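Contents: one structure, followed by commentary.
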Amino acid sequence: MGDMANNSYSGVKNSVAEPNHEGEFGCSLKELRGLMELRGTEGIRKIQETYADVNGLCSRLKTSPVDGLSGQPADLEKRTIVFGQNFIPPKKPKTFLQLVWEALQDVTLIILEVAAIVSLGLSFYRPPEADSTNCGEGTGGVEDEGESEAGWIEGAAILLSVICVVLVTAFNDWSKEKQFRGLQSRIEQEQKFTVVRGGQVIQIPVAEIVVGDIAQIKYGDLLPADGVLIQGNDLKIDESSLTGESDHVKKTLEKDPMLLSGTHVMEGSGKMLVTAVGVNSQTGIIFTLLGAGGEDDEDEEKEEKKKEKERKKEKKTQDGAAMEMQPLNSDEGADAEEKRKANLPKKEKSVLQGKLTKLAVQIGKAGLVMSAITVIILVVLFIVNTFWVQGLAWEKSCTPIYIQFFVKFFIIGVTVLVVAVPEGLPLAVTISLAYSVKKMMKDNNLVRHLDACETMGNATAICSDKTGTLTMNRMTVVQAYIADKHYRRVPEPEVIPGSIMDLLVLGISVNCAYTTKIMSPEKEGGLPRQVGNKTECALLGFVLDLKKDYQPIRNEIPEEKLYKVYTFNSVRKSMSTVLKNPDGSFRMFSKGASEILLKKCYKILTATGEAKVFRPRDRDDMVKKVIEPMASEGLRTICLAYRDFPASDGEPDWENESDILTSLTCLCVVGIEDPVRPEVPDAIRKCQRAGITVRMVTGDNINTARAIATKCGILQPGDDFLCLEGKEFNRRIRNEKGEIEQERIDKIWPKLRVLARSSPTDKHTLVKGIIDSTVIEQRQVVAVTGDGTNDGPALKKADVGFAMGIAGTDVAKEASDIILTDDNFSSIVKAVMWGRNVYDSISKFLQFQLTVNIVAVIVAFTGACITQDSPLKAVQMLWVNLIMDTFASLALATEPPTESLLLRKPYGRNKPLISRTMMKNILGHGVYQLTIIFTLLFAGERMFDIDSGRNAPLHAPPSEHYTIVFNTFVMMQLFNEINARKIHGERNVFDGIFNNMIFCSIVFGTFVIQIVIVQFGGKPFSCVGLSIEQWLWCVFLGFGCLLWGQVISSIPTSRLKFLKTAGHGTQKEEIPDEELEDMEDLDEIDHAERELRRGQILWFRGLNRIQTQMDVVSAFQSGTSFQGALRRHPSSASQQHDIRVVNAFRSSLSPYEGLEKPESRSSIHNFMTHPEFRIEDSEPHIPLIDDTDPGDVPLIRLRPSTLCTTPTSCFTETCARRTHACEGAEPSVILGAQLVLD
């Protein structure tokens, strides 16, 4: 791969300067890249052959394994020149023109464009003159000069309206992308990594890491560069982003020291020597190949194919992994089903989009029917009148004139259609969402997926974490049980026996991650800063409260001297560190959840400092007298213990955890307080009032959880709600075979309020159970908050995932839809308010828009049929259409939310967009407006004593009569816009109108423009100036809308049984069964696409994609070039495949979210933006630490997933998008990529 890849990189490095420096280091860039392509034992062999060992490699790279690089600028610069910079150039953003082109793809706009072009073309068509007398009456002088001159205006005006809509949409997308990129780069600059330079541990921006740096890695890191392990404790890495293998790979110096960029550290910690950065790292190579692709010669490609095949064969024989390469191994049918489901994106359309698409299609069809009928009636009337009533024969010379009549009818028909199609809808939605997202930033909600904002308005349940979301995440030890005594506050150092004190301080100092520390406060007199794991910070703070210091001990026992570390994970629920004593004996310190660790203790230290036997009976006493009282005050209880391994017994088997972690001696139990955030109880009250159930899901003790839930108001005294532990929850929801049953979950979740001691799997099971439940007819919309990596699956599964911006890991942010920048639960309430506001804004707009549409269509239709010409001319219609659409969408979509939004229950997924109250308003105002307009149309000339405009000859100038009709129509729309501000039947439509200056200025602006059009619009707008008296009448008739609105709101909706609602979510029964089968898994079914029989298409696409990804994977695994794989496909297809693979790597774009994801995945740590989450669903696979008490860990069964047996699947968009079962996986979750704003 070396040579080939070098070609693609020649531009990246400063190749001129290269020869001068390369000799200074003992190995070249090419050599190191070759080394990093080897895996496991091959890598070790290569290191031993070439450099003797890792230290040899360090000395060749002129770095020290202990002190790292010197950190001198000249040295760092030289390294950057020779080995490259740790930066992958970003993909170019979409240009404004591309965004314009995408906006033009809208169906309604295409209809408008066609109509406009037809109308433009016809306006320039001049028929030959014919003697009109023979061609029947009414054909005389079809158009005079002036009229034909102005004929093009109509088409041009339609095009102008299209251009406006397109530019607004494209500009929205462009500014959104720009904002997101800015944010992205800000986040990247903030992303730091810990390295050792000049013997000091410092944090530097990821882009400044150079080859030769010694980097410290720990649980939760996304590796920013390739490297070789120098020292590791219990290190496990998830390499699925590169290899597609879902098992966590154990990294040790003896077996596999190769660490690759873009992979996640799942457990443990260690140090690595950086050997490749930026475009030369494994991730960088993939990116460059995907970017550059296919410039090499044919022969090289063939050779590579050969090598690739050989490697494949070898691999198959070695691993017996023949199955891995076959995507369709197991029984075809099941696989096909899995594949098809898996290929569908996680979220189909959001609830609102689904309803709107459906409504727009219905309105469009209705408009189409109306316009067709209009054209047919006009044509029939004309034919009957000419050939039957007048009894003329069709003469050749008259044909062009007749054709021109038909064309005029066609244009009238198109105008009706144009008015009927609500092209303001997409704009209203975009404006409303964009406006909300901007404002939500101020409320500490950073929205990553636009539709999450609106989904949040429908939320019916919130599953919240406890630590950090409901509480402050500032932990302090407030009680302790030491030496047989329960201290209600931190004891004075004098009262603790010296021997216990020494063990306690040593145990806490070495058995807390060395990255956790207490720093001096930022402001004078402030609280000390807690850096790292907050529980460990509390313990270190406890040491400081005991007037001791942990730092000297850490200096004396640096991390390299720790003999063995069992890091904390969700299965162990404890952490242990082993020290080797000079006499060959070992001592292990452990800390963990008290009820779990006390079961492993068989002795306890007494007041004299001696150890006495600790029996199960004593343990039960201690739980009752110490742990439960602490927990009931809302404290988290942690047990600290130790164990000695005498030298005489020889070295224990460290891999056998269940033997190691027993026979402990208990040092003490501490109670850690994490106070409830002051604003949380009020926020939870608001949620409950708004019909949203708040549930607390925590890993903490059930008594602690219950106490905090009561303080927050999740549990009220006297409620009969459930508080369960994870173990009990699992027992209740699983059948005898250990499988989860939905009916069992349905019995529990409606009453469940607190789930304690829960594993990540439990959280995911609960969320999935609530979402899939059919007990309540409304499908529940669930929001989940999470901060840890292990919350990833639940965040992904939820309808809206909230990640914590401060305490959240990269993975949690990656899986979420909204990031809470202040980690505060009360910000979620704001998100609910904004979400409901978006929904209401769009309903307001619909109520207004449909009234305009219905009236305009009926007027155009009846007018055309009775007078053979539309009373509202095409250009006037477009003014009404464009301005009312665009302006009204701006005015109504930017209404600020009010607290009253939180007083109603959520709408739910099947609630129609147009309620019966709204339908009453639409029809009521429609009746008023039609009455006024038809009165004016047929009796206006007598009322105002002016000439009738009805039967004026075709070439007559614009009449006052029709101008009054047009003006009154617009005035009524303006006043009706004020009516549309309230959709729930409120009487005061002016309430809070001055809080929305956009609304006021738009209504005023439209009024001013209307005056200009009427007084000075002249021929193009078919208007004549009106007198003051006529104007006053028009305004008065318009004002009547407000008065009439009061009459309508007096009629109770319940009386009007005949009213129908419209714009429902999809009901299952509307879809044929066979299509339902294809869509079993979807949350929402999308109507515009449904006609395409997506199931089949996706199925073929899926197969096609698998093929490419297989090539890519095998090429990657075999270490040969990607290009062979990518270039096999002919031109355009090949580009699409490249793009697919890139997308699979970067993020899995759902087909609808194209625009909302700026593909700005620029630097190396963006490599895998969607870490793969795994949740298992069968055969008990979790290593139980304490075999004596298997009840502690829920039995989890693993359903062998047909999908994940292939390494390819993790390249597909599937894995990234969906939480799914992977064989042999642990229920832990991946750590990872930084926040990408999609």
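Structure values in brief
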read-out: Filter result for the condition that a residue is out of contact with any helix residue (DSSP H, G or I) (no Cβ under 9 Å at 6 or more places or on another chain), assigned to a loop (DSSP other than H, G, I, E, B), under 30 Å from ALA707 (Cα atoms) and of a type outside the set (Gly, Ala, Ser), over ARG474, ARG489; value: ARG489
read-out: Check on ARG753, touching a strand residue (DSSP E or B) at 6+ places or on another chain (Cβ under 8 Å) and either of a type in the set (D, E, K, R) or modelled with pLDDT of 90 or more (or both); value: yes
read-out: Flag for MET971 being among the hydrophobic types (A, V, I, L, M, F, W, C) and more than 39 Å from the chain's Cα centre (by Cα); value: yes
read-out: Count of residues meeting criterion [surrounded by fewer than 17 Cβ atoms within 10 Å (Cβ to Cβ) and either modelled with pLDDT under 70 or of a type in the set (Asp, Glu) (or both)] in segment 114-132; value: 7
read-out: Residue within segment 427-439 that is more than 29 Å from THR785 (Cβ to Cβ), of a type outside the set (Lys, Arg) and out of contact with any Phe, Trp or Tyr (no Cβ under 6 Å at 6 or more places or on another chain) present; value: yes
read-out: Considering residues of segment 386-400 that are open to solvent by less than 60 Å² (accessible area, probe 1.4 Å) and at pLDDT 75 or above only, the residue nearest to VAL118 (Cα to Cα); value: THR399
read-out: Breaking point among (1) open to solvent by less than 10 Å² (accessible area, probe 1.4 Å); (2) more than 21 Å from the chain's Cα centre (by Cα); (3) at pLDDT 80 or above, for VAL490; value: (1)
read-out: Selection count where residues are open to solvent by less than 50 Å² (accessible area, probe 1.4 Å) and of a type outside the set (Gly, Ala, Ser), scope segment 726-741; value: 5
read-out: Candidates ASP719, ASP700 - the one that is open to solvent by less than 50 Å² (accessible area, probe 1.4 Å) and not in a helix (DSSP H, G or I); value: ASP700
read-out: Residue ID - farthest from SER827 (Cα to Cα), chosen from residues in segment 673-691 that are buried (at least 23 other Cβ atoms within 10 Å of the Cβ) and in contact with a strand residue (DSSP E or B) (Cβ under 7 Å, 6 or more places away or on another chain); value: ASP674
read-out: Members of segment 998-1008 found to be farther than 12 Å from ASN967 by Cβ, modelled with pLDDT of 90 or more, open to solvent by 60 Å² or more (accessible area, probe 1.4 Å) and hydrophobic (A, V, I, L, M, F, W, C), listed by number; value: PHE1004, VAL1008
read-out: Test: ILE508 is open to solvent by less than 50 Å² (accessible area, probe 1.4 Å), in a strand (DSSP E or B), touching a residue at least 12 places away in the same chain (Cβ under 8 Å) and under 26 Å from MET472 (Cα atoms); value: no
read-out: Qualifying residue in segment 319-332 (condition: among the hydroxyl-bearing types (Ser, Thr, Tyr), open to solvent by less than 60 Å² (accessible area, probe 1.4 Å), within 30 Å of SER915 (Cα to Cα) and modelled with pLDDT under 75); value: no
read-out: Residue check, GLY808 in contact with a Leu (Cβ under 6 Å, 6 or more places away or on another chain) and either open to solvent by 10 Å² or more (accessible area, probe 1.4 Å) or not in a helix (DSSP H, G or I) (or both); value: no
read-out: So ILE776, is it assigned to a helix (DSSP H, G or I), farther than 24 Å from LYS711 by Cα and touching a residue at least 12 places away in the same chain (Cβ under 8 Å); value: no
read-out: Number of the condition not met by THR963 [criteria: (1) within 24 Å of GLN849 (Cβ to Cβ); (2) in contact (Cβ under 8 Å) with a residue 60 or more places away in the chain; (3) in a helix (DSSP H, G or I); (4) not hydrophobic (A, V, I, L, M, F, W, C)]; value: (1)
read-out: Qualifying residue in segment 522-545 (condition: modelled with pLDDT of 90 or more, among the aromatic types (Phe, Trp, Tyr) and open to solvent by less than 30 Å² (accessible area, probe 1.4 Å)); value: yes
read-out: Of all residues making up segment 779-795, the number that are polar (S, T, N, Q) and assigned to a helix (DSSP H, G or I); value: 2
read-out: Lone unmet requirement of (1) closer than 18 Å to ASP213 by Cα; (2) modelled with pLDDT of 85 or more; (3) not basic (Lys, Arg) for GLN282; value: (2)
read-out: Enumerated helices (runs of 4 or more DSSP H) restricted to segment 566-668, each holding at least 2 residues that are in contact (Cβ under 8 Å) with a residue 24 or more places away in the chain and open to solvent by less than 60 Å² (accessible area, probe 1.4 Å); value: 594-598, 628-632, 657-660
read-out: Selection from segment 462-474 of residues that are surrounded by fewer than 24 Cβ atoms within 10 Å (Cβ to Cβ) and of a type in the set (A, V, I, L, M); value: MET472
read-out: Unmet requirement for ARG987, which otherwise passes all of (1) surrounded by 12 or more Cβ atoms within 10 Å (Cβ to Cβ); (2) touching a residue at least 40 places away in the same chain (Cβ under 8 Å); (3) over 37 Å from the mean Cα position of the chain (by Cα); value: (1)
read-out: Leading residue by the ranking (farthest from the chain's Cα centre (by Cα)) among those in segment 27-42 that are of a type in the set (Gly, Ala, Ser) and within 15 Å of VAL274 (Cα to Cα); value: SER28
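Yes or no, residue by residue, for (1) surrounded by fewer than 24 Cβ atoms within 10 Å (Cβ to Cβ); (2) in a strand (DSSP E or B):
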| position | (1), (2) |
| --- | --- |
| VAL210 | no, no |
| PRO224 | no, no |
| LEU229 | yes, yes |
| ASN233 | yes, yes |
| LYS236 | yes, yes |
| GLU245 | yes, no |
| LYS251 | no, yes |
| GLY262 | no, no |
| SER269 | yes, yes |
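To keep it simple, each residue is scored yes or no on (1) farther than 30 Å from PHE887 by Cβ; (2) open to solvent by 10 Å² or more (accessible area, probe 1.4 Å); (3) among the polar types (S, T, N, Q).
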| residue | (1), (2), (3) |
| --- | --- |
| VAL754 | yes, no, no |
| SER758 | yes, yes, yes |
| ILE770 | yes, no, no |
| GLN780 | yes, yes, yes |
| ASN790 | yes, yes, yes |
| MET804 | yes, no, no |
| LEU820 | yes, no, no |
| LYS830 | no, yes, no |
| MET833 | no, yes, no |
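The values are calculated or read from the model by the stated rules, or taken from the named source; none is laboratory data. Source: prediction; values computed, not measured. Using ideal geometry, Cβ is built from the backbone for each residue, glycine included, and neighbour counts are taken over all protein chains shown. These area figures cover heavy atoms from the full protein model, side chains too; ligands, DNA and RNA do not enter into them. Shrake-Rupley method; radii C 1.70, N 1.55, O 1.52, S 1.80 Å.
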